[in-house]
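The values are calculated or read from the model by the stated rules, or taken from the named source; none is laboratory data. In this text the structure is predicted, and so the values were computed from the model without any measurement. Glycine also receives a Cβ, built like all others from the backbone with ideal geometry; neighbour counts cover every protein chain displayed.
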Amino acid sequence: MLKVYEIFKSIQGESTRAGMVCVFIRLSGCNLSCSYCDTAYAREDGTLYSIEALAGKVKDYQTNLALITGGEPLLQKETPQLCWKLVDMGCTVLVETNGSQNLSILPEGVTSIVDVKCPGSGHADSFNMENLRFLRKYDECKMVISDRHDFDWAMKFVKTHNLHKQCTVIFSPNSKKLKPELLAEWILESNAPVRLGLQLHKIIWGENARGV
């Protein structure tokens, strides 16, 4: 059984699949409390679902792209089994994780979208460095940038660990603190080996909308 806060269909707002129709399975619980968190409500207790019940709901939405997110989905031990089930159904499966948990438990072929927390998050020491070994070309690392210090820190991390050669790296602006045009300017000035990522769901439905 998995504790689920919500499940819904929407437009994927982030990652390299931004703009695509996607089913979101938001699991409950998180071990971090980032300063810019926009899903703090998912720390609350959710509703218990069996893997079969969740698979049935995904099937009902009639799309084959599924994102398992949170909270922090890798805190729940049955998350890898849900991944296997969705893959067996023919789904493309994405797992959005805060980077503190061991990625090696995820099945081959499931795309990890991993947050590397910058200082502005309040959790810059939370990334499990062992996870650098488990990143694959089709995985993605996201870094939320709150200010110039975050940007410089993130650039040093990317270059020190050749992160851009292991997977796609996305820099996203903290929507409450940094204008996207300024982050774009820094990326251009630095010839940063990253993609600029904007949160499409916030552009479409607003900063505080839920279930979208």
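Could you check G71 against (1) modelled with pLDDT of 95 or more; (2) under 18 Å from S33 (Cβ atoms); (3) within 14 Å of the chain's Cα centre (by Cα) and say which number it fails?
It fails just one condition, (1).
From L200, L178, L196, which residue is under 19 Å from G13 (Cβ atoms), touching a Phe, Trp or Tyr at 6+ places or on another chain (Cβ under 8 Å) and surrounded by 14 or more Cβ atoms within 10 Å (Cβ to Cβ)? Can you show your working first?
Numbers: L200 fails: touching a Phe, Trp or Tyr at 6+ places or on another chain (Cβ under 8 Å); L178 fails: touching a Phe, Trp or Tyr at 6+ places or on another chain (Cβ under 8 Å).
Just one listed residue meets the conditions, L196.
Every residue in region 37-61 that is surrounded by 18 or more Cβ atoms within 10 Å (Cβ to Cβ) and in contact with a strand residue (DSSP E or B) (Cβ under 8 Å, 6 or more places away or on another chain), please.
A42, G46, Y49, L54, V58
Report yes if P80 is over 11 Å from the mean Cα position of the chain (by Cα) and either assigned to a loop (DSSP other than H, G, I, E, B) or crowded, with 19+ Cβ neighbours inside 10 Å (or both), otherwise no. Let's see the steps before the verdict.
Details: over 11 Å from the mean Cα position of the chain (by Cα): yes; either assigned to a loop (DSSP other than H, G, I, E, B) or crowded, with 19+ Cβ neighbours inside 10 Å (or both): no.
Answer is no for this residue.
Considering each residue of region 37-51, count those that are without any contact (Cβ under 8 Å) to a residue 24 or more places away in the chain and part of a helix (DSSP H, G or I), and give that number.
1
Say we look at region 112-137 and pick out the residues that are in contact (Cβ under 8 Å) with a residue 60 or more places away in the chain and not in a loop (DSSP other than H, G, I, E, B); which of these is nearest to the chain's Cα centre (by Cα)? Even if it seems obvious, please write down each step before you answer.
Just the residues of region 112-137 that are in contact (Cβ under 8 Å) with a residue 60 or more places away in the chain, to begin with: 113, 117, 120-123, 126.
Subset that is not in a loop (DSSP other than H, G, I, E, B): 113, 120-121.
Details: I113: 5, G120: 17, S121: 14 Å.
Looking at residues that are in contact (Cβ under 8 Å) with a residue 60 or more places away in the chain and not in a loop (DSSP other than H, G, I, E, B), I get I113.
Just checking, does region 47-66 include any residue being among the basic types (K, R) and closer than 25 Å to G206 by Cα?
Here is the first cut: in region 47-66, the ones among the basic types (K, R) are 57, 59.
Adding the requirement that they be closer than 25 Å to G206 by Cα leaves none.
No, every residue in region 47-66 fails to be among the basic types (K, R) and closer than 25 Å to G206 by Cα.
Which ones in region 158-212 are in a strand (DSSP E or B) and either among the acidic types (D, E) or in contact with a Pro (Cβ under 8 Å, 6 or more places away or on another chain) (or both)? Explain how you work it out, then say what you get.
If we filter region 158-212 for residues that are in a strand (DSSP E or B), which is where we start, we get 168-173, 195-196.
Once the filter is applied, which keeps residues that are in a strand (DSSP E or B) and either among the acidic types (D, E) or in contact with a Pro (Cβ under 8 Å, 6 or more places away or on another chain) (or both), region 158-212 yields V169, P173, L196.
Check off (1) hydrophobic (A, V, I, L, M, F, W, C); (2) part of a helix (DSSP H, G or I); (3) surrounded by 16 or more Cβ atoms within 10 Å (Cβ to Cβ) for V144 and give me the number that stays unchecked.
(2)
Identify the residue in region 85-105 that is touching a strand residue (DSSP E or B) at 6+ places or on another chain (Cβ under 6 Å) and assigned to a loop (DSSP other than H, G, I, E, B) and, among all such residues, is surrounded by the most Cβ atoms within 10 Å (Cβ to Cβ). Steps first, answer last, please.
First, the residues of region 85-105 that are touching a strand residue (DSSP E or B) at 6+ places or on another chain (Cβ under 6 Å): 86-87, 91-99, 103.
Filter once more, keeping what is assigned to a loop (DSSP other than H, G, I, E, B): 91, 98-99.
Details: C91: 19, N98: 26, G99: 23.
The qualifying residue surrounded by the most Cβ atoms within 10 Å (Cβ to Cβ) is N98.
Could you check, for region 66-77, whether at least one of its residues is within 30 Å of D150 (Cα to Cα), outside any loop (DSSP other than H, G, I, E, B), in contact with a Cys (Cβ under 8 Å, 6 or more places away or on another chain) and free of Cβ contacts under 8 Å to residues at least 40 places away in the same chain?
No, there is no match, as no residue in region 66-77 is within 30 Å of D150 (Cα to Cα), outside any loop (DSSP other than H, G, I, E, B), in contact with a Cys (Cβ under 8 Å, 6 or more places away or on another chain) and free of Cβ contacts under 8 Å to residues at least 40 places away in the same chain.
Condition first: hydroxyl-bearing (S, T, Y), over 22 Å from N128 (Cβ atoms) and surrounded by fewer than 17 Cβ atoms within 10 Å (Cβ to Cβ). Now tell me which residues in region 1-36 satisfy that.
T16
Tell me which residues, restricted to region 2-36, are assigned to a loop (DSSP other than H, G, I, E, B) and more than 22 Å from R195 (Cβ to Cβ). Don't jump to the end; show me each part of the working.
Taking region 2-36 and keeping what is assigned to a loop (DSSP other than H, G, I, E, B), we get 12-20, 28-36.
Within region 2-36, S28, G29, C30, N31, L32, S33, S35 qualify.
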